[in-house]
Amino acid sequence: MNLLFDSIMDVLELIELEEETSTIRNDATLRIAYLSSFNFAFTLQLMLNILGITHDLSQALQKKDQNIANAMKLVQVTRKSLESMRNDGWDSLMDKTCTFFVKHNIHIPNMDDKWVLPGRPRRNVEERTYEFHYRVEVFYTVVDLHVEELRCRFSETNTELLIYVACLSPCDQFSTFDLFKLVRLAQFYPNDFSDFEITTLEHQLANYVLDVQFDEVF
C-alpha cells in the first residue's frame, strides 16, 4: 500500500508542477491535499481492516460449489471478528494510521482538539473532539453497519435453516446427512408435515439413504 501511495503522490505532484492546464493543476493540488488528510488515511486503514476480516466470507459466498455449513461458520467467525475489532481494535487502528502518517511526513492532528466539519464555521457548532468524531461517528458506526448487515442477512433462523438444508446434499454418499437436522428442517414447514409424518420421517430418511448407498455400491 505504501508503494502504491507513493507512486500516486509522485504522479499527482508531477501533474501539479508540469501540467499546462490550470484546471488540471488545481485538481491535482486538491487531490494531493485530500490524500494527505487524516480523514483519508484513517478511512483507508479502517476499510483495509474490515475487508481483511470479511475477505474469506466474501470469497466463500461466491463459490458455486459452496459448502453451506462451512459458509455459515464463516459468517459467525466474521461477525465475531468484527465485534472484537469494535471492542478492542481502536488503538491498533490508530497505531497503523499514525505509522502511515509518520512514514509519509503527514501532519497528525491532536485527537483532543475540536473537530469541525470542513467548510463549517467553528462557532455555533456541536462540541466534539477529533477522537470522538473518528471513534464514535466513524469507527463504531461503520463496524456496526457491517455487523448489523450480517445479522439481517444471516439471522439465527436463516442460518439454522441453511445448515439443515446442507444436510440434503448427496455428495460423498450423504456424508453431511444428519437425521436430527433433517427432521428439524421438516418442522419448519408444519403445513406440509403432520405430527405423524414428522414421527415417521426419521425412519423414512434413514431407509432412503441406505437404499441410495446400496445402489451406488452395486
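The values are calculated or read from the model by the stated rules, or taken from the named source; none is laboratory data. In this text, all values refer to a predicted model and were calculated from it rather than measured experimentally. Cβ atoms come from the backbone with ideal geometry, glycine included; neighbour counts cover every protein chain shown. Heads up: the accessible areas ignore ligands, DNA and RNA and are worked out on the full protein's heavy atoms, side chains in. Shrake-Rupley method; radii C 1.70, N 1.55, O 1.52, S 1.80 Å.
Of the GluC sites (Glu not before Pro) in segment 10-96, the ones in a loop by DSSP (not H, G, I, E or B) with at most 12 other beta carbons within 10 Å are GLU20.
Rounded, prolate or oblate: pick one for segment 67-117, where a ≥ b ≥ c are the square roots of the eigenvalues of its C-alpha gyration tensor, a/c under 1.5 means rounded, and failing that, prolate if a/b is larger than b/c, else oblate.
Taking the square roots of the gyration eigenvalues as a ≥ b ≥ c, segment 67-117 is prolate.
For LYS114, the lysines whose Cα comes closer than 29 Å to its Cα, not counting residues fewer than 8 places off in the same chain, are LYS96, LYS103.
At the residue level, SER22 shows approximately 60 square angstrom of accessible surface with a 1.4 angstrom probe and all protein chains present. The residues packed around ALA186, meaning those with a beta-carbon under 15 Å from its beta-carbon, carry a net charge of -4 if Lys and Arg are +1 and Asp and Glu are -1. Only lysines eight or more places from LYS64 in sequence, or on another chain, were considered; those with a Cα closer than 29 Å are LYS73, LYS80, LYS181. Ranked from largest to smallest solvent-accessible area, with a 1.4 Å probe on the protein heavy atoms, HIS146, HIS107 come out as HIS107, HIS146. Taking a ≥ b ≥ c as the square roots of the Cα gyration tensor eigenvalues, segment 11-80 comes out prolate, since a/c reaches at least 1.5 and a/b is larger than b/c.
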